[in-house]
Each structure stands twice: as C-alpha cells, then as structure tokens.
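Peer 1: The structure that follows is given in the form of structure tokens.
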Amino acid sequence: MRKSVYSSIILKKGKEEPVLRKHPWIFSGAIAHSEGEVQAGDIVAVLSHDRKLLGYGLLEEGSIAVKMISFGTSPIEKDFWQKKFETAFSLRKALGLTNNRSTTAYRFINSEGDGMPGLVADYYNGVMVFQAQSTGMQILLHTLAESLLSIYPNHLRAIYSKPAEYTNYSVKNNNLNEGFLWGNAENAVIKENGFQFEVDFMKGQKTGFFLDQRENREMMRRYAIGRSVLNCFCYTGAFSVYAFGGGAIRVDSVDSSGTAIENCERNLQLNGFDAFPHSCIKADALKYLVDMKEEYDLIILDPPAFAKHSHQKANAVRAYRHINRLAIRKAKPGSFLFTFSCSQVIDSSLFSGIILSAAIEAEREVKLLHHLTQGPDHPVSIFHPEGEYLKGILLYIF
C-alpha cells in the first residue's frame, strides 16, 4: 500500500467492489472504521479491508459517506484540481463550446460526470458560477478558483460562488465562500444558438439558467413552426424564445413565480419577440392545465424536481402522471408534447412508464418520437448512471 498523508477510511470486507468498478459513492454502511482524525469535508484515503489503497474521496455527512475524487494509488498532487479542470475544458473545446460566437454559455463542471462530485460550475459569457453541493467542495472553493484562472487566463470577468438550494448543515453554516471569489459582475447576457438571454446568477434558480436543455430547445424549435405553444414552468422563457424563433404563431408562458414571468418578458424583448402574439402568465401550471379552454398544438412540461429524495418518489410518480395526463388529454389532435423530469430518483425507465400510464388514462392515441436527455456538456460517467438526471420524451398526440 502506498503511504498516504491523509486519514483513512477502511471498508468492510466485500464492500470494495463498487469502488473497483469506479462508482464514486461509498455508503456509510460499507465503512468498517476510520483511522486518524476525520470530519466532513476532509479528503480521505479509501482502503479495502486488507488495507489496499483504492483511491481518495471527500468525506461527507449523510448516507453517502464518501464521494470519490480519484481511483487507484496515484497520490493527490499539488496540480490535482487544475488537471481536472484541464480535462473538463478539453471536452467542452471538443464540443465546440469554448470559442463559439453563437453560444457563449455552457456547463464547465458537472459533478460526478467530470470527476468532481459535489461541484457544479457554469460558464456565462465571462462569468463562472460555482455551486458547491457538499462540504468538501465548499471548503475547496478558493483553491478551485485559483486553479481555474490558469485555464481561463483572458476570458473571465468574475468567479462567483452560489449557495446550493438544498444541502447539508455544514455547508449551510459555512458562508465564508459565498459571493465573488474573484472579479466582479452584476449579471451576464449570454447567447445560446444565436438567441440572447439575461442570466441572474445571484438570485436565479440553480446557477441562473438551465443550460441542460439547450439541445432540447433546439429540437423544439424545429417543431414549432405554425403552432400555438404552451410553455409550462417557463422560468426564463427560453423555450418560448426558441418557439418564436422556430415560427410559432402564438406562445403562452406560465409560471407561478412573478420573477420568472418578468424574466420571460425581458428575454422575449431582448430577442425582439415582445410584439409577437404572446402572454406571460403568473399562475400555477397545474391549475392552468385544469382550467384552460384554449387548446394548444405544442405543449412543453418542464417542471422543477418533484422528488429530490427517495422518500418522495411515490408522490413524484403521482404528480408526473397527473400533469402529463392533463396535457395529453387537452392537446389538440396532431399536437406535440415535450415532457421532462429532472428528478434524479425517477430514472428513464420509470419516467417512460409514467408517461405510458398517463396516456392510457387520458384515452388518447400517442406515439413516442424521441427520448431526450441533458446536453453533452453535462456528461454522465459511464460508471455512475445516476448522473443522467434529466429525462425527456417527445410525444405526438392524435
């Protein structure tokens, strides 16, 4: 065993198999004991029961006790995080995103998908927004910011740390790394496939904009020509902008948040669509679907996660089935439905089953045209299929 400068976590016999398969999560029940002083946020060496070094991880609170940041016996060197960033940048460069005049925003770090569990980093036209979702990444933020500057020597105006919306106690009570880690910027205006959007990375949901839907919005644009469109849970109105860009004859955007409705109006105006036939409606999307009399021939359902934890799964299944049943039942014959789930505990197979049940209950003829997922700048480690959190389906209803 290579000697480690870090405290150690010793696994129970037989519990090393997931780690050997490079799955990044170690559950608390797999741990026999620790050696040395350890606390949440520490980098720890992970050893098998017979004391073979399996890799290194960040010690966490909760049922997922360790999230692996490296596998094997290679030590954690000084430039460890910079190499992670270089690898992530190389992927985004290969995707054509790092020097793209028509798209100036993308996900730079996608947690486990980029070997940095607990960290999300989104690039918004010169502003990098970090969102640490674990104690370990929260502690490392200033170190990460320093490493990032060497990757973007001339393209950054600011690095901002956005508190996670749901996380553990330690992170909530460690606000030392909130706010600007480097530079300054009030907001960011980005381009996505040629459209412009204002991003409120300080007060907006997540890091300010849902970059994971870029390819799905582009697909929807191709189906929007000559159609009346309903965009439920519209948030920034990105799907609405794309719909007009694709030739929609009318777009109604619905969200329960007054701030979201203001953002939607602003982004329609930013792209010159404010004079087009549209309504931005502050309303509960479910109630709107129940009460609506006007029929649409393209509907988008992109709700927030109905389940963030496994104990909420059953309620989430009922909610997804109910809202999709309403949309399928009320859609015009010959219409399209783009429907999504971003709940990680609802996998692709289960989501497909939910949509099947909704179609049966709606008593409509429905064809499945496409399975949809997050964009390639939100990569999923093949060893961690749980990272595919965004599921979508395009239906044709007649």
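Throughout, read-outs are computed from the coordinates displayed, never taken from laboratory work. It should be emphasised that the depicted structure is a prediction, and the values quoted were computed from it without experimental measurement. All Cβ positions, even for glycine, are placed from backbone atoms using ideal geometry, and neighbour counts span all protein chains on display.
Peer 1: Between region 121-137 and region 350-398, what is the C-alpha centre distance in whole Å?
Peer 2: Result: 28 Å between the Cα centres.
Peer 1: Measure nothing but the geometry: give the 0 to 90° angle between the long axis through the Cα atoms of 135-151 and the longest principal axis through the Cα atoms of the chain, rounded to 10°.
Peer 2: Computed tilt is about 80 degrees.
Peer 1: Relative contact order of the chain: what whole-number percent is it, with Cα pairs under 8 angstrom and at least 6 residues apart?
Peer 2: Working: 850 pairs, mean separation 44.7, N = 398.
Answer for the chain is 11 percent.
Peer 1: Give me the one-decimal nm value for the distance between modelled label points at Asp274 and Glu77, 7 Å along each residue's Cα-to-Cβ direction.
Peer 2: Placing both labels 7 Å beyond Cα along the Cβ direction yields 5.4 nm.
Peer 1: Can you tell which of Ala307, Gly258, Ile360 lies farthest toward the positive end of the dipole of region 210-397, using +1 and -1 charges on the Cβ of basic and acidic side chains (Lys, Arg; Asp, Glu)?
Peer 2: Value computed over the given set: Ile360.
Peer 1: Using just the helices of the chain, give the 222 nm mean residue ellipticity in deg cm²/dmol: DSSP H runs with n ≥ 4 each add -39,500 (n - 2.57), and the total is spread over all residues, rounded to 500. Can you show the working numbers first?
Peer 2: Working: 10 runs with 111 residues, N = 398.
So the calculated ellipticity at 222 nm is -8500 deg cm²/dmol.
Peer 1: Another question, then. What FRET efficiency, computed as 1/(1 + (r/R0)^6) with R0 = 22 Å and r the Cβ-Cβ distance, is obtained for His155 and Asp200, rounded to the nearest 0.05?
Peer 2: Working: r = 21 Å, r/R0 = 0.95.
So, using R0 = 22 Å, E works out to roughly 0.55.
Peer 1: Could I have the simple spin-label model distance between Glu186 and Ser63, label points 7 Å from Cα toward Cβ, reported in nm to one decimal?
Peer 2: 4.6
Peer 1: Just report the Cα centroid separation between region 182-245 and region 76-109, whole Å.
Peer 2: Cα centroid of region 182-245 versus Cα centroid of region 76-109: 21 Å apart.
Peer 1: I'd like the Karplus ³J(HN,Hα) series for region 47-57: coefficients 6.51, -1.76, 1.60, θ = phi - 60°, whole numbers in Hz, and an x wherever there's a Gly or Pro.
Peer 2: Whole-Hz 3J(HN,Hα) from phi for region 47-57: 10, 6, 4, 9, 6, 8, 6, 9, x, 10, x.
Peer 1: Follow-up question, since we're still on this one. If you place +1 on the Cβ of every Lys and Arg and -1 on the Cβ of every Asp and Glu, how big does the dipole about the Cα centre of the chain come out, in debye to the nearest 20? Could you put the intermediate results ahead of the total?
Peer 2: Values: 44 positive and 42 negative charges, 139 e Å.
So the magnitude is around 660 debye.
Peer 1: Just to be sure I understand: with springs between alpha-carbon atoms less than 10 Å apart, which residue in Gln213, Gln269, Gln312 has the highest mean-square fluctuation in the Gaussian network model of the chain?
Peer 2: Gln312
Peer 1: Got a sec? Charge dipole of the chain, +1 on Cβ for Lys and Arg, -1 for Asp and Glu; which of Thr98, Trp81, Leu337 is way out at the positive end?
Peer 2: Looking along the dipole axis, the top candidate is Leu337.
Peer 1: Let me ask something else about it. Roughly how many debye, to the nearest 20, is the charge dipole of region 272-367 about its Cα centre, given +1 on each Lys and Arg Cβ, -1 on each Asp and Glu Cβ, and no other charges?
Peer 2: The calculated dipole for region 272-367 is roughly 300 debye.
Peer 1: Name the residues whose placed amide hydrogens come within less than 5 Å of the amide hydrogen of Cys280, ignoring near sequence neighbours (fewer than 5 apart) on the same chain.
Peer 2: HN-HN under 5 Å from Cys280: Ser253.
Peer 1: Still on this structure, please answer the following. For the charge dipole of the chain, defined by +1 on Lys and Arg C-beta atoms and -1 on Asp and Glu C-beta atoms about the Cα centroid, which residue among Met68, Ala164, Ser348 has the Cα displaced farthest towards the positive pole?
Peer 2: Of Met68, Ala164, Ser348, it is Ser348.
Peer 1: Amide H to amide H under 5 Å from Ala188: which residues, 5+ apart in sequence or cross-chain, H placed 1.01 Å off N in plane?
Peer 2: Val199, Phe201
Peer 1: Is the shape of region 198-253 rounded, prolate or oblate, going by the alpha carbon gyration tensor and its root eigenvalues a ≥ b ≥ c, with a/c under 1.5 for rounded and a/b larger than b/c for prolate? Walk me through the numbers on the way to the answer.
Peer 2: On the way: a/c = 2.87, a/b = 1.93, b/c = 1.49.
Prolate, since a/c reaches 1.5 and a/b exceeds b/c.
Peer 1: Roughly how big is region 315-397's charge dipole about its Cα centre, with Cβ charges of +1 (Lys, Arg) and -1 (Asp, Glu), in debye to the nearest 20? Spell out each step's value before the answer.
Peer 2: Working: 9 positive and 7 negative charges, 99 e Å.
With Lys and Arg at +1 and Asp and Glu at -1, about 480 debye.
Peer 1: To the nearest 0.05, how large is the calculated FRET efficiency for Glu146 and Arg101 if R₀ is 41 Å and r is the Cβ-Cβ distance? Working shown, then result.
Peer 2: Details: r = 29 Å, r/R0 = 0.71.
E between Glu146 and Arg101, to the nearest 0.05, is 0.90.
Peer 1: Same structure, new question: Take the alpha carbon gyration tensor of region 251-398, find the square roots of its eigenvalues, order them as a ≥ b ≥ c, and report rounded if a/c is under 1.5; if not, report prolate when a/b exceeds b/c, else oblate. Show your work: numbers first, answer last.
Peer 2: Working: a/c = 1.65, a/b = 1.24, b/c = 1.33.
Taking the square roots of the gyration eigenvalues as a ≥ b ≥ c, region 251-398 is oblate.
Peer 1: Which far-off residues, 5 or more places away or on another chain, put their amide H under 5 Å from the one on Ala32, with H placed in the peptide plane?
Peer 2: Amide H neighbours of Ala32, under 5 Å, 5+ apart: Ile10, Leu11, Lys12.
Peer 1: Read through the labelled values (1) 59; (2) 70; (3) 53 and report the label of the one computed as percent of Cα pairs over 25 Å apart from the structure.
Peer 2: Only one option fits the structure, namely (1).
Peer 1: Taking only Cα atoms and a 10 Å spring cutoff, compute GNM fluctuations for the chain and point out the largest among Arg214, Arg21, Arg329.
Peer 2: Arg21
Peer 1: Just subtract the alpha-carbon distance of Asp347 and Lys93 from 0.36 nm times their residue separation and send over the number in nm, one decimal.
Peer 2: Details: separation 254, 0.36 × 254 = 91.44 nm, distance 2.94 nm.
Gain on stretching Asp347 to Lys93: 88.5 nm.
Peer 1: Related question: Spelling out what I want: for every residue of region 307-323, take phi, set θ = phi - 60°, compute 6.51 cos²θ - 1.76 cosθ + 1.60 (Karplus), and round to whole Hz; glycine and proline get x.
Peer 2: 9, 9, 9, 4, 6, 9, 4, 4, 5, 5, 4, 5, 5, 5, 5, 5, 5
Peer 1: Hey, another quick one. Once both labels are modelled 7 Å past Cα along the beta-carbon direction, what's the Glu17-His309 spacing in nm?
Peer 2: Going by the 7 Å Cα→Cβ label model, 2.9 nm.
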